[in-house]
Amino acid sequence: MAMAGEVDNHHGEMPSRRLHTVPGSPAQQHLHSHLSSTSTETSKEHSRMSSIHEVMKKAWNKVRQCLLLAVAMLFMMWQHFKAFISLWCSISCQGRSKNKRNLSVNAEVDVITYCSKKWKGEALNAKQMRKVYEDVYWKHNIKTLQPVKEDNYGLLRAVMFQVFSQAIPFPGWMKEKDILKLPEKLLYSQGCNWIQQFSFGPEKYAGPKVYGKLRSCLELFKSEWVDFCASKDRIKRKKMCKSLFSDETKENKVYEALKFIILYLAIEAHENLKTEEQIPSFFPFLFSRDTSADPLSYMMNHLNMVGDTIGLEQAELCLVCYALEVKIKVLRLTKFNTEDFEMIYPADHKRDWHEITIMTDDDRHYNIPVIAK
């Protein structure tokens, strides 16, 4: 039993001897050495990680700066690219517009097709106009028409297009008087300095500048007419018309020249009226209106607004006829089957004058009918 107790005591003391380390013993020195080494390594690892982190941070900052710079450059390149594309499109469109100019007098179209597009729906007036166009197609042998641009030069455009395309001869009176000298003649010979107030449609001129502008218009008017008359080739005249009636600036000059020639004829007729000389029958009617009692009021109240806010009135077609020495037939579709359907201007036209035909739906807008032969 004693031996058993000793054995138990021996086993009970063993753990306490294992856990107990004598200070300053080799084991403790080894432990401290190990801990110190571990701490040093940890410190070195931490220092190394800090260095790596710092390097990575600096590298990222540089990368970020490069990315921001690249994005800014890409944005600038995109803006320049868009500007280039916009410029290129603009130039391209301008080029196409030059090649495909908008004609103010379009090519021939079928009358029935034109009517079906313009007069749609089931309204009474639309149905009536469709019936009128059918009758015009069959009874008057008008199979096609040339649509004319609808603006305040429309009536003058429909007339002058036919004058040029048909090569109607240059009026004899214009050859005798030399229309290029008319502005100076009115100013110096007849004292009409008020023509300085002549207005060129939407373009407003005043004072001495008017004479230079008038002469420019008259020169173009005369040269174009002479060129068309000189051309005996119908195909060539068609190309010439396409060129002129797609150039708004030149085209408007022709109309303004015609307006001034009309004014000149009104001044001449008014002077002859004073001396009781014989004048065309239309002029007494013209000067009987309160708004055109004399050439000045006629210019201010009527002619100056033509091409700007109003078109030439149908009643004033006689002035155009006298100026161009042509007879004008107007087909008024709203007056179909009445005596006012087909109107001839002027009533006292000369037999050798060439005839021009125009057609209107509303007495404001005009087209050119092509009468089949």
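Quick notes on this one:
- In segment 49-106, of all residues being under 33 Å from the mean Cα position of the chain (by Cα) and charged (D, E, K, R), the one that is modelled with the highest pLDDT corresponds to Lys82.
- Lys127 vs. criteria over 22 Å from Asn252 (Cα atoms), among the basic types (Lys, Arg) and in contact (Cβ under 8 Å) with a residue 24 or more places away in the chain: no
- Scoring Pro280 on the criteria (1) within 20 Å of Leu156 (Cα to Cα); (2) in contact with a Pro (Cβ under 8 Å, 6 or more places away or on another chain); (3) assigned to a loop (DSSP other than H, G, I, E, B) leaves a single failure, condition (1).
- Evaluation of Gln314 against (1) touching a Phe, Trp or Tyr at 6+ places or on another chain (Cβ under 9 Å); (2) open to solvent by 30 Å² or more (accessible area, probe 1.4 Å); (3) at pLDDT below 95 (one fails), failing number: (2)
- Matching residues in segment 314-354 - criterion: being among the charged types (D, E, K, R) and closer than 21 Å to Asn106 by Cα: Lys329, Arg332
- Residue list for segment 49-83, filter: among the aliphatic types (A, V, I, L, M) and open to solvent by 90 Å² or more (accessible area, probe 1.4 Å): Met49, Val55, Met56, Leu67, Leu68, Leu69, Val71, Met73, Leu74, Met76, Met77
- Test set (1) in contact with a Phe, Trp or Tyr (Cβ under 8 Å, 6 or more places away or on another chain); (2) under 23 Å from Met299 (Cβ atoms) - Leu244 fails condition number: (2)
- For segment 111-181, the helices (runs of 4 or more DSSP H) that sit wholly inside it and include 3 or more residues that are surrounded by fewer than 19 Cβ atoms within 10 Å (Cβ to Cβ) and within 34 Å of the chain's Cα centre (by Cα) are 111-118, 124-139.
- The set of residues in segment 205-250 that are within 21 Å of Tyr264 (Cα to Cα) and of a type in the set (Ser, Thr, Tyr) comprises Tyr205, Tyr211, Ser216, Ser223.
The values are calculated or read from the model by the stated rules, or taken from the named source; none is laboratory data. All values derive from a computational prediction rather than experimental measurement. A quick note on method: Cβ atoms are made from the backbone with ideal geometry, for glycine too, and the neighbour counts reach across all protein chains shown. Each accessible area value is taken on the protein alone, full model and side chains, heavy atoms only, with ligands, DNA and RNA left out. Shrake-Rupley method; radii C 1.70, N 1.55, O 1.52, S 1.80 Å.
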